[in-house]
Amino acid sequence: MQQIGTLALLTLASTTSVSAVCDGNPHNWDRQRRCDEFSSVCPNASWASCEPCDGVGGLSNNDSMSSFTPTSCSVVATPTELKQQGKTPLLPMWPKTFINTGFYEQQIFVKHDPFCLAQIPAMTSKGTHCFKNQQGTFNYDSTQSSLRIDYFKSKSILPHVNMTEHFYHLADGTGKFFLWGLLRNQNAMVMVLFSSNYFVFFIFFSAP
């Protein structure tokens, strides 16, 4: 069998951040899906100044409200009611180091490429977004000001392709990431290698 290979090498361009609160809420997300803090730049924003159970979020497949499934939320007491009762909520206390092997999330980020590979955080809801279900292990060490997330299962828009990713949040405030994915059947094999500095995409076709 003759093997025909295709290689593409791309670089990522830097993006400009946009104020999240005053971006106009272009997809008209409701207050349960989205709520932001007050900003004097857009004081009349209907999606700002959150109340209990506002902005708790949920799961979605795209930017449309029709695809949004909110999580459950019920108000136990308002801050005013707690104060009247003389109660002060306990602050969460995390260990200085810990490993969470049951880490599940849906990461939402602006779409920068056709395959939703460039997971670049952005404080804006403008543009089309990628909705990526991921699970893996969360490794945290506050003594080193570092975090590593190992995603062993990460959704891909390519059929039957699972992405494996490793995200590094370093002490200097920077982040590095590396991911790969593999699809193989009788006719083709697709392998994707992607890091914070480069993107390599291989497609190998088997020809008679």
Inset, instruction - Out of F167, F178, report the one residue that is within 14 Å of A118 (Cα to Cα), assigned to a strand (DSSP E or B) and at pLDDT 80 or above. - result: F167
Legend entry - Filter result for L82 (assigned to a loop (DSSP other than H, G, I, E, B) and among the aliphatic types (A, V, I, L, M)): no
Legend entry - Residue among S196, S142 that is modelled with pLDDT under 75, under 30 Å from E37 (Cβ atoms), touching a Lys or Arg at 6+ places or on another chain (Cβ under 6 Å) and surrounded by fewer than 18 Cβ atoms within 10 Å (Cβ to Cβ): S196
Legend entry - the range 147-173 residues that are within 11 Å of Q134 (Cα to Cα), paired with ones that are exposed (fewer than 15 other Cβ atoms within 10 Å of the Cβ) and of a type in the set (K, R) (beta carbon under 9 Å, 6 or more apart): N162/K153; M163/K153; T164/K153
Legend entry - Residue check for K83: exposed (fewer than 12 other Cβ atoms within 10 Å of the Cβ) and either more than 26 Å from T137 (Cβ to Cβ) or among the small types (G, A, S) (or both): yes
Legend entry - Among the residues listed as K132, K126, the single one being within 16 Å of the chain's Cα centre (by Cα), of a type outside the set (D, E), at pLDDT 85 or above and surrounded by 15 or more Cβ atoms within 10 Å (Cβ to Cβ): K132
Inset, instruction - Identify all residues within the range 53-74 that are assigned to a loop (DSSP other than H, G, I, E, B), over 16 Å from the mean Cα position of the chain (by Cα) and either loosely packed, with under 13 Cβ neighbours inside 10 Å or of a type in the set (K, R) (or both); write none if there are none. - result: S64, T71, S72, S74
Legend entry - Scope the range 31-52; condition surrounded by 15 or more Cβ atoms within 10 Å (Cβ to Cβ) and assigned to a loop (DSSP other than H, G, I, E, B); matching residues: R31, Q32, R33, R34, C35, C42, A45, W47, C50
Legend entry - Test for P79: is it free of Cβ contacts under 8 Å to residues at least 24 places away in the same chain and farther than 24 Å from G127 by Cβ: yes
Inset, instruction - Write out, first by first residue and then by second, each pair whose Cβ atoms fall under 9 Å of each other, whose residues are 6+ apart or on separate chains, and whose first residue, in the range 82-94, is touching a residue at least 12 places away in the same chain (Cβ under 8 Å) while the second is surrounded by 10 or more Cβ atoms within 10 Å (Cβ to Cβ). - result: W94/Y140; W94/S142
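The values are calculated or read from the model by the stated rules, or taken from the named source; none is laboratory data. Nothing here was measured: the structure is a model prediction, and the numbers come from that model. Glycine gets a Cβ as well: all are built from the backbone with ideal geometry, and neighbour counts include every protein chain shown.
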